[in-house]
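S.K.: Structure provided below as structure tokens; questions to follow.
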Amino acid sequence: MKLNFNPVTKEEIHQLEIALLVGTLFRKEVLEEIRNSAERLTWVDSLAVAAGALARAKAGMTASEIAEELGRTEATIREHVKGETKAGKLVNETYELLKEGKLSVEGLIGEGIKVVTTTTGSDEKLQEVKKELEEIKQKLESVIQKL
């Protein structure tokens, strides 16, 4: 599936939003932040809003339209889109990584997640990371359903 970085349809917006959210969540520094944070759900919610805001902004929606659709203030939406919040900064970085081809979206949208790494490691460590990712994926799906 080819990801549209300037989505037009609702489906393309949703695909970009999911790719941004999942791509951001599986970044090493974000996994560490979530693992060490006492406010995990707040953190994941902020990332979800930032991903939704950026995807809609790339589709040409105004801050007002995005705020209404996502149930947040226009100021919050603008801060996320400009990368002025931590979540917004991370999601914007993920957008650039996806656009530059440095992060693969293959498997991010659809049946499952395909973890693509550029470093080598032991099979044991890989299995441990896969298990952690699966746990996070389940938590993320639960949060998304609540949203």
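Any read-out appearing in this document is the output of simple, stated calculations on the displayed coordinates, not a laboratory observation. Values in this document were obtained by computation on a predicted structure and should not be read as measured data. Reconstructed Cβ throughout: ideal geometry from the backbone, glycine too, with neighbour counts over all protein chains shown.
S.K.: What does the extension gain come out to for GLU33 and GLU69, with contour length at 0.36 nm per residue minus their alpha carbon separation?
M.R.: The span from GLU33 to GLU69 would gain 10.2 nm if fully extended.
S.K.: A further question follows. Too long at a 24 Å Cα-Cα cut-off: which of LYS2/LYS86; LYS2/LYS139; LYS86/LYS131; LYS86/LYS139; LYS82/LYS131; LYS58/LYS139?
M.R.: Beyond 24 Å: LYS2/LYS86; LYS2/LYS139; LYS86/LYS131; LYS82/LYS131; LYS58/LYS139.
S.K.: Right, another one. Exactly which GluC sites (Glu not before Pro) in region 38-68 are in a DSSP loop and have at most 14 other Cβ atoms within 10 Å? Intermediate values should be presented prior to the final figure.
M.R.: Numbers: sites: GLU39, GLU65, GLU68; in loops: GLU39.
Here the GluC sites (Glu not before Pro) that fit, given the DSSP loop and packing criteria, are GLU39.
S.K.: Length gain on complete extension for the stretch HIS14 to GLU100, per 0.36 nm per residue less the alpha carbon to alpha carbon distance?
M.R.: Here the answer is 29.0 nm.
S.K.: If you don't mind, another one. Given the peptides 49-57, 94-102, arrange them by the average over their residues of other C-beta atoms within 10 Å, most packed first.
M.R.: The most tightly packed comes first, giving 49-57, 94-102.
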